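Trainee: Attaching a single structure in structure tokens format; questions to follow.
The values are calculated or read from the model by the stated rules, or taken from the named source; none is laboratory data. In this text the structure is predicted, and so the values were computed from the model without any measurement. Cβ placement follows ideal geometry from the backbone for every residue including glycine, while neighbour counts extend to all protein chains displayed. Accessible surface areas use protein heavy atoms only, side chains included; no ligands, DNA or RNA. Shrake-Rupley method; radii C 1.70, N 1.55, O 1.52, S 1.80 Å.
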Amino acid sequence: MAKLKCVAKGLSYPESPRWHKGELWFTDVFSGEIKVLDGQQQLRLVAKYEGALSGIGWMPNGDFCAVSVFEHSVLKLNDDGQFYIWANLDDEGSFASNDMIIDERGNAFIGNISFNYMQGESPRLGNIKHLDSDGHCLTAVTEIGTANGMAVSLDGNTLFVAETFADCLSAYQLNSHGVLTNKRQVAYFPKGSCPDGICLDNQGAVWVACSQSCLVYRVNLQGEYLEQISLPDEVHPLACVLGGKERRTLFIMTTKTFDPEEATSLLTGAIYSLDIEYSGVGKP
């Protein structure tokens, strides 16, 4: 395997990476910024919002969407580069709205964090919200162990979900209307690993960034560990996506702190990359 290299740094808290039209798009969460890393490894700012942002994606008509973490809403970006609230997630009882994935049919799935981990509250089960392409919101899943990173299979029929505080990877059958059924467990990780962002490759494996263990695992659908990538000391992987030429470069979003104030002042967030032998498929 090729050598892990740092391709961007000086970020607050890079998350929700998406490979889109030959570039790496991502959220810099606590700075409320949407940024792009281009093919020359140069960063540019796409948009900024006065509030924390998390999951991002595109509707089939090209509309760009982002989750407003503490407003519990999904924003859209207008032609002037300004965000506006498009849909309310009806989730004010939770601490934070989190990552989002949008499938080819315009079904958006958004996980939440139901408890205030920043103040030491004990983990509680959360939910997954479903938005259709018109912005109508329903609760798709309840009692899940904090749905974080999500991915949709190439055929569009499976939604994979990293359950952060349950230390596992789950999968649901997904139909064209966005209904999730037949949950199954795909893989388990050592206690306290905290699986976060995920992506899929063309060999049927799932790449899972585990923020607390400082490892990125590659697992198959039988739950076997196929590979693992170690990050440098005190570098925590938050999410990953396959992009680059033939989608054979693994981009890993990282941080050295989980504290919002430290993240925005110290700017220890960074992006690492690694060339691999498999191609990315599905979403993200």
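Trainee: Give me the pairs: first residue in segment 217-233 and under 9 Å from V186 (Cβ atoms), second residue of a type outside the set (A, V, I, L, M) and open to solvent by 20 Å² or more (accessible area, probe 1.4 Å), beta-carbon distance under 9 Å, and six or more apart or on different chains, which are they?
Mentor: V219/Y225; V219/E227; N220/Q203; N220/G204; L221/G204; G223/Q185; G223/Y188
Trainee: Need pairs with beta-carbon distance below 7 Å; first residue in contact (Cβ under 8 Å) with a residue 24 or more places away in the chain and within segment 30-43, second crowded, with 20+ Cβ neighbours inside 10 Å and of a type in the set (S, T, N, Q); sequence gap 6+ or separate chains.
Mentor: Here the result reads F30/S12; S31/S12; I34/T27, each pair linking segment 30-43 to a residue that is crowded, with 20+ Cβ neighbours inside 10 Å and of a type in the set (S, T, N, Q).
Trainee: In segment 134-171, how many are surrounded by 20 or more Cβ atoms within 10 Å (Cβ to Cβ), β-branched (V, I, T) and outside any loop (DSSP other than H, G, I, E, B)?
Mentor: Of the residues in that region, 6 qualify.
Trainee: Taking segment 8-37 as the region of interest, how many residues are open to solvent by 20 Å² or more (accessible area, probe 1.4 Å), part of a strand (DSSP E or B) and hydrophobic (A, V, I, L, M, F, W, C)?
Mentor: Of the residues in segment 8-37, 2 are open to solvent by 20 Å² or more (accessible area, probe 1.4 Å), part of a strand (DSSP E or B) and hydrophobic (A, V, I, L, M, F, W, C).
Trainee: Among the residues in segment 62-74, are any modelled with pLDDT of 95 or more, open to solvent by 10 Å² or more (accessible area, probe 1.4 Å), part of a strand (DSSP E or B) and within 28 Å of Y217 (Cβ to Cβ)?
Mentor: Within segment 62-74 (the criterion being modelled with pLDDT of 95 or more, open to solvent by 10 Å² or more (accessible area, probe 1.4 Å), part of a strand (DSSP E or B) and within 28 Å of Y217 (Cβ to Cβ)), the answer is no, since none of the residues qualifies.
Trainee: Hey, among L125, L131, which residue is modelled with pLDDT of 90 or more, among the hydrophobic types (A, V, I, L, M, F, W, C) and surrounded by fewer than 22 Cβ atoms within 10 Å (Cβ to Cβ)?
Mentor: Details: L131 fails: surrounded by fewer than 22 Cβ atoms within 10 Å (Cβ to Cβ).
Selected residue: L125, the only one of L125, L131 that is modelled with pLDDT of 90 or more, among the hydrophobic types (A, V, I, L, M, F, W, C) and surrounded by fewer than 22 Cβ atoms within 10 Å (Cβ to Cβ).
Trainee: Could you tell me which numbered condition Q40 fails, if it satisfies all but one of (1) of a type in the set (S, T, N, Q); (2) open to solvent by less than 20 Å² (accessible area, probe 1.4 Å); (3) modelled with pLDDT under 95?
Mentor: Here Q40 meets the rest and fails (2).
Trainee: Taking G135 as meeting all but one of (1) on the phi < 0 side of the Ramachandran plot; (2) in contact (Cβ under 8 Å) with a residue 60 or more places away in the chain, write down the number of the exception.
Mentor: With (1) on the phi < 0 side of the Ramachandran plot; (2) in contact (Cβ under 8 Å) with a residue 60 or more places away in the chain applied to G135, the lone miss is (1).
Trainee: Could you count how many residues in segment 75-93 are under 23 Å from G111 (Cβ atoms), acidic (D, E) and open to solvent by 60 Å² or more (accessible area, probe 1.4 Å)?
Mentor: Filtering segment 75-93 down to residues under 23 Å from G111 (Cβ atoms) leaves 75-77, 83-93.
Filter once more, keeping what is acidic (D, E): 90-92.
Within this subset, residues satisfying the condition of being open to solvent by 60 Å² or more (accessible area, probe 1.4 Å) are 90, 92.
So the answer is 2.
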